[in-house]
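These notes concern the structure reproduced below.
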Amino acid sequence: MAAKKSGSAGKKKTQKKKMAKAKEREIRLDFIPSEMLLRKNTDDKLEMILSKVKKNIIVVLEEALTPEEESILIQNAMEEIDSKDFFGIEFYRMGHKDVGIFDRLSSFLTKRRSGMTIVGPTRMVEAIKKEPDHISVFAKVGG
Amino acid sequence: MSGGLVFQKIKGMFSLGRILGVFKKKKTISLGFYGAVNAGKTTLANRISMDWLGEEVGVVSEIPHETRDIQKVENVKVDTEAGSLNMNIIDMPGIATQVDFKEFEKFGLTEEESKNRAKEATKGVIEAIKWLNNVDAVLVVMDSTRDPYTQVNITIIGNLEARDIPMIVIANKIDSEDASPESIENAFPQHVVVQVSASTGDNMDDLYTAIHKHLT
């Protein structure tokens, strides 16, 4: 009986190790829809972004952050940087200023912001580049 | 011209700061130097300060985040063809979204030195952003050899626009073979762009004239 117990404990340990290794190899993206973002104030929104990014999650927001929010995000990220696990963020915002006058009007009426923001941990997201017809995210696993 | 750009131009023409500026010209402007790390902010600040005061603002280094504290030189009197102006030069630490201490070790710093530098660099970034509320005008310094369409540049310019702070975009390092100042002009067509080389002093007279014309 005791031998059976120690056998199952061993199996559990191996399974846990396998899961941890798989986690190291995975890239997780969390898409946050604008309905969810509408319910959050700036502080809560930025706290949510940073807490996810610190867990190695790439966050895709269905809205463009404002320049003020971006500067607070940078400041908050700087405060969180340590010499062990977190070295900062890589992010890219599209839309907001780039959109046309009709998009602005629609955003004003619906209170929804157009555009999109991608935020990831710098140890995972190496670069986000704007190309003429698309945005490229260069990410690596196990950073 | 897109609808957004037209909107920006009209908004800029009728902004409160612009309207008040017609009636009032500041005697001394606090001129902030903003930009990404190693864009040449301190080299440019030194060039201006040396040209008119004969003293340097700060130390220049190839190691990133050499400027980690805000450095000021006050009462720099500049004479241009259009007239003279008085300014306080405020050289800011480079803005970054990431600081990895291991990057400094590549330049020969010890682990401890690198970690200290990283800590100071993060504080410098926070301070530089806070100081956006204390400057009258800004030179946004960009390295002409690099892609200008980065999030750091976009965030700096977006914040200046939101705060209605007048700015000139500097296409620096035009003496370099790889320089492409046109890409900066194309990336930020709604702003005045002046091409200079802070290290050789090329086009500095154009910059002084532009500061007098657009920032005072």
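The values are calculated or read from the model by the stated rules, or taken from the named source; none is laboratory data. Treat the numbers as computed from the prediction; the structure is a model and nothing was measured. Note: ideal-geometry Cβ built from the backbone for every residue, glycine included; neighbour counts use all protein chains shown. Accessible surface areas use protein heavy atoms only, side chains included; no ligands, DNA or RNA. Shrake-Rupley method; radii C 1.70, N 1.55, O 1.52, S 1.80 Å.
What do you reckon, is B:Met87 within 14 Å of chain A (Cβ to nearest Cβ) and within 25 Å of B:Asp205 (Cα to Cα)? Spelling it out, it is not the case that B:Met87 is within 14 Å of chain A (Cβ to nearest Cβ) and within 25 Å of B:Asp205 (Cα to Cα). For the range B:184-197, filtering for residues that are part of a helix (DSSP H, G or I) and either open to solvent by 40 Å² or more (accessible area, probe 1.4 Å) or among the acidic types (Asp, Glu) (or both) leaves 2.
Across the range B:150-177, the number of residues qualifying as under 22 Å from B:Thr43 (Cα atoms) and part of a loop (DSSP other than H, G, I, E, B) comes to 7. Just one residue in the set A:Lys12, A:Lys40 is modelled with pLDDT of 75 or more and in contact with a helix residue (DSSP H, G or I) (Cβ under 8 Å, 6 or more places away or on another chain); that residue is A:Lys40. Restricting attention to the range A:90-114, the residues that are at pLDDT 80 or above and either surrounded by fewer than 19 Cβ atoms within 10 Å (Cβ to Cβ) or within 9 Å of chain B (Cβ to nearest Cβ) (or both) total 5. Of the residues in the range B:165-216, how many are of a type in the set (Val, Ile, Thr) and touching a helix residue (DSSP H, G or I) at 6+ places or on another chain (Cβ under 8 Å)? Residues meeting the conditions: 9.
Tell me whether the range B:56-65 contains one or more residues that are closer than 26 Å to B:Arg163 by Cβ, in a helix (DSSP H, G or I) and without any contact (Cβ under 8 Å) to a residue 40 or more places away in the chain. Among the residues of the range B:56-65, not one is closer than 26 Å to B:Arg163 by Cβ, in a helix (DSSP H, G or I) and without any contact (Cβ under 8 Å) to a residue 40 or more places away in the chain, which makes the answer no.
Among B:Val194, B:Val125, B:Val140, which is at pLDDT 95 or above and at the interface with chain A (Cβ under 9 Å from one of its Cβ atoms)?
The conditions single out B:Val125.
What do you reckon, is B:Leu132 surrounded by fewer than 21 Cβ atoms within 10 Å (Cβ to Cβ) and within 25 Å of A:Val119 (Cα to Cα)? Criteria met by B:Leu132. What's the number of the condition A:Thr42 fails, among (1) surrounded by 15 or more Cβ atoms within 10 Å (Cβ to Cβ); (2) within 28 Å of B:Ile157 (Cβ to Cβ); (3) among the polar types (S, T, N, Q)? It is condition (1) that A:Thr42 fails. Hey, does the range B:108-122 have a residue that's away from chain A (no Cβ under 14 Å), surrounded by fewer than 16 Cβ atoms within 10 Å (Cβ to Cβ) and modelled with pLDDT under 95? Yes. Scanning the range B:163-181 for residues that are open to solvent by 50 Å² or more (accessible area, probe 1.4 Å) and within 14 Å of chain A (Cβ to nearest Cβ) yields B:Arg163, B:Asp164. So which residues in the range B:81-93 are open to solvent by 10 Å² or more (accessible area, probe 1.4 Å) and within 26 Å of A:Ser71 (Cα to Cα)? If the condition is that a residue be open to solvent by 10 Å² or more (accessible area, probe 1.4 Å) and within 26 Å of A:Ser71 (Cα to Cα), then B:Asn88 is the only one that fits.
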